Amino acid sequence: MFDFSLSEHIKLDGLVDTHIHTAPDVRDRFMNDIELASAALREGMEAVVIKSHTEPTSGRAALASEVTGMRVIGGVTLNTPVGGLNPDAVHAAAMMGGRFVWLPTVSAGRAEGDLDGVISAVAEHDMVLGTGHLKPPEIFHVLDLAADYGVGKIIINHPLTGVVGATLEEQREMSRRAYLEHCLVACMPRHDGLDFERIVESVRYVGSERCIMATDFGQGHNPSPIAGMKQFIYLMREHGFSHLDITMMCRDNPLELIS
């Protein structure tokens, strides 16, 4: 679908990818935590965020950071393997240096627990809340709860994908209280096969100041996350987005959340 060789020259100095899957995992992954951290360090990236659908990545991120000197950030996804909407899992992730809490992804619609307790714990530890694979009505409910508890760092994960399916108007409304995280993986043939123009349309509609570019790469059948971020930047440039736009979405907005 994409010619990744066209983007090999793209520089990633100072940039952040907020959504990468690494090994060890129950699924085939392109590289492990240390390999990703080392590759990101060579590219001069500021930080990478590692995510797992099945286990916390807080400790893994801390170890990768210590070994490589790269800033690697982890957290916990509240799927059934960690007890679903489990505030204790949030507290534990935070105590190990985790910065992200993702609401259910592969367990969306099945994960049970204490959502209020989860949001309260996110607020207590000043963590970043990701909406996972929730549908728009659920996302708006979470945004209301987050406001009640004073949670201000929120990412709407891949709003254009089939698992979320937010309209442009819904995305604009969400962007008033959260950043929209667009991931290149949605355009890959073994995923949603999304027309890249849909991402372009959404970013233009909402504004780059409220969007984040990430890859969600790491699958064994896709190119590396590094190649994915370079390709994403290349494509956005080809569609007329400026250096300022891309810097905002790949550095400034992510750093606003993780600083």
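Bear in mind that the values in this text are calculations on the coordinates, not laboratory data. Everything numeric in this text was worked out from a predicted model, so none of it was measured. FYI the Cβ positions are ideal-geometry reconstructions off the backbone, even for glycines, and counts take in every protein chain you see.
For the stretch 61-75, the tally of residues that are of a type in the set (D, E, K, R) and surrounded by 15 or more Cβ atoms within 10 Å (Cβ to Cβ) stands at 1. On inspection, L180 does not qualify as in contact with a helix residue (DSSP H, G or I) (Cβ under 8 Å, 6 or more places away or on another chain), buried (at least 19 other Cβ atoms within 10 Å of the Cβ) and part of a loop (DSSP other than H, G, I, E, B). Residue pairs whose Cβ atoms lie under 6 Å apart, sitting 6 or more positions apart in sequence or on different chains, and linking a residue in the stretch 106-127 that is under 18 Å from E256 (Cα atoms) to a partner that is loosely packed, with under 15 Cβ neighbours inside 10 Å, are A123/G150. If only residues of the stretch 82-128 that are charged (D, E, K, R) and within 19 Å of the chain's Cα centre (by Cα) are counted, the one that is nearest to I50 (Cα to Cα) is R99. What are the residues in the stretch 215-224 that are more than 14 Å from A47 (Cα to Cα) and crowded, with 24+ Cβ neighbours inside 10 Å, if any? Scanning the stretch 215-224 gives D216, F217, G218. Of the numbered criteria (1) touching a residue at least 24 places away in the same chain (Cβ under 8 Å); (2) closer than 24 Å to M249 by Cα, the one R42 fails is (1).
So that you can scan it fast, the table gives a plain yes or no per residue for (1) assigned to a helix (DSSP H, G or I); (2) of a type in the set (D, E); (3) surrounded by fewer than 23 Cβ atoms within 10 Å (Cβ to Cβ); (4) without any contact (Cβ under 8 Å) to a residue 60 or more places away in the chain:
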position: P189; (1), (2), (3), (4): no, no, yes, no
position: E209; (1), (2), (3), (4): yes, yes, yes, yes
position: M213; (1), (2), (3), (4): no, no, no, yes
position: I226; (1), (2), (3), (4): yes, no, no, no
position: Q231; (1), (2), (3), (4): yes, no, no, no
position: R237; (1), (2), (3), (4): yes, no, yes, yes
position: F241; (1), (2), (3), (4): no, no, yes, yes
position: L244; (1), (2), (3), (4): yes, no, yes, yes
position: M248; (1), (2), (3), (4): yes, no, yes, yes
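Looking only at the stretch 11-48, count every residue that is of a type in the set (D, E) and part of a loop (DSSP other than H, G, I, E, B) and tell me the total. Summing the residues that are of a type in the set (D, E) and part of a loop (DSSP other than H, G, I, E, B) in the stretch 11-48 gives 5. The residues on offer are A123, A108, A94, and the sole one that is surrounded by 17 or more Cβ atoms within 10 Å (Cβ to Cβ), small (G, A, S), part of a helix (DSSP H, G or I) and out of contact with any Phe, Trp or Tyr (no Cβ under 8 Å at 6 or more places or on another chain) is A94. None of V185, V203 is in contact (Cβ under 8 Å) with a residue 40 or more places away in the chain, crowded, with 20+ Cβ neighbours inside 10 Å and more than 16 Å from F4 (Cβ to Cβ) except V203.
Only one of the numbered conditions (1) outside any loop (DSSP other than H, G, I, E, B); (2) surrounded by 17 or more Cβ atoms within 10 Å (Cβ to Cβ); (3) without any contact (Cβ under 8 Å) to a residue 40 or more places away in the chain is not met by H133, and that is (1). Outside any strand (DSSP E or B), within 20 Å of the chain's Cα centre (by Cα) and charged (D, E, K, R): is that true of D144 in this structure? No.
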